[in-house]
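Written out below as structure tokens is the structure these notes cover.
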Amino acid sequence: MTRKFTDNALVIATHNAGKVGEIAALLGPYVASFESAGALGLAEPEETGETFQDNAKIKALAAVLASGKPALADDSGLCVHALGGEPGVYSARWAGPDKDFSLAMRRIETLLGPSPDRSASFVCALALAWPDGHVEVFEGRVSGEMVFPPRGERGFGYDPVFVPEGYDISFAEMDPAEKHRISHRAAAFSMLVESCFT
Ligand code: ITT
């Protein structure tokens, strides 16, 4: 049986402002108040896991330990098929210490070269952890293809080079409400909400 979330406050265990905004929008109807690990000044744990789910658990449990409150972590990334799933769990690290995603997007473009296989997916693992160490984990995915040069100014990270299946605009060109409806994060959240918040 999955555990239900019955507290009033939740720590969003991320230092990524783009994620805080999306998570607050997705969970707004279910949680009275949020604090983010970034705003609380919590240390960022080392992401030593080999999977999105492992890293989400590491981040959620670190935030619980530091804050004493339930915490929700998101570990996500872009998996490019022709690159064997890279950058995958290294998606943030490919942007370097300055979090320069134009650099990371160029690196993908260069590595792909003329490859006709442009398929990719965004994956999002969510871990909800409680102070007694209990953790619930969910994973969502959205398929699409890589497009270059980058398009659009909205969203964050790799959004300008990803066109989701069934669309001809990138995530960065899309109305945020539409991205929140169809994204990897939305898919993981609908499982989380159904299991733990309703
Ligand atoms: P936290 O660990 O503090 O949450 P982070 O940015 O380091 O922040 P991740 O380790 O999960 O997070 O890295 C995921 C990277 O994948 C993230 O930095 C984005 O660049 C990219 N990414 C994840 N979801 C995305 C989305 O919806 N749109 C664009 N890029 C996304």
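Nothing in this text is a laboratory measurement; each read-out follows from the coordinates by a stated rule. All values reported here derive from a predicted model rather than from experimental measurement. Every residue, glycine among them, receives a Cβ derived from its backbone with ideal geometry; neighbour counts consider all protein chains shown.
Starting from the Kirkwood Rh over alpha-carbon pairs, what translational D in µm² s⁻¹ does the chain have by Stokes-Einstein at 37 °C and 0.692 mPa s? Don't skip to the answer; put the middle values down first.
On the way: Rh = 17.1 Å.
Estimated via Stokes-Einstein, D reaches 193 µm²/s.
Comparing Cα centroids, region 160-198 and region 62-118 end up 17 angstrom apart.
Rounded to the nearest whole Hz, the Karplus-based 3J(HN,Hα) values (6.51 cos²θ - 1.76 cosθ + 1.60, θ = phi - 60°) of region 127-140 follow the sequence 10, 10, 10, 10, x, 7, x, 5, 9, 10, 10, 9, 9, x, with x at glycine and proline. For V147, the amide hydrogen comes within under 5 Å of the amide hydrogens of F162, V163, counting only partners 5 or more places away or on other chains and with H modelled in the peptide plane. Return a whole-number percent for the relative contact order of region 1-86, with Cα pairs under 8 Å and 6 or more residues apart as the contact set. Averaging sequence separation for qualifying contacts and normalising by length gives 32 percent for region 1-86. For region 55-124, relative contact order (Cα pairs under 8 Å, six or more residues apart, normalised by length) works out to 32 percent.
Annotation: the antiparallel percentage among DSSP beta bridges lying fully within the chain is about 80. Between the amide H of E86 and those of V80, distances stay under 5 Å, these residues lying 5 or more places away or on another chain, with hydrogens modeled in the peptide plane.
Phi angles of region 165-180 translate, via the Karplus equation with coefficients 6.51, -1.76, 1.60 and θ = phi - 60°, into HN-Hα couplings of 3, x, 10, 10, 10, 7, 4, 7, 9, 8, 4, x, 4, 6, 4, 5 Hz per residue; Gly and Pro are given as x.
Defining a contact as two alpha carbons under 8 Å apart and six or more residues distant in sequence, what relative contact order in percent does region 71-198 show?
22
With helices as the sole contributors, the chain gives -8500 deg cm²/dmol at 222 nm; each DSSP H run of n ≥ 4 counts as -39500 (n - 2.57), and the sum is divided by every residue. Computed about its Cα centre, the charge dipole of the chain is approximately 200 debye, with only Lys, Arg, Asp and Glu carrying charge at their Cβ. Across region 41-56, computed HN-Hα scalar couplings (Karplus, 6.51 cos²θ - 1.76 cosθ + 1.60, θ = phi - 60°) run x, 6, 5, 8, x, 6, 8, 8, x, 9, 10, 4, 5, 4, 5, 4 Hz from first to last residue, x flagging Gly and Pro. For the pair R181 and D98, what calculated FRET efficiency results from E = 1/(1 + (r/R0)^6), where r is the Cβ-Cβ distance and R0 = 35 Å, to the nearest 0.05? Working from the Cβ atoms, E equals 0.65. Loop-located GluC sites (Glu not before Pro) in region 27-78 (DSSP state other than H, G, I, E, B) with a sparse environment of at most 15 neighbouring Cβ atoms within 10 Å: E46, E50. Pairs of Lys residues in the chain, spaced 8 or more positions apart or belonging to different chains, with C-alpha separations under 15 angstrom: 6 in total.
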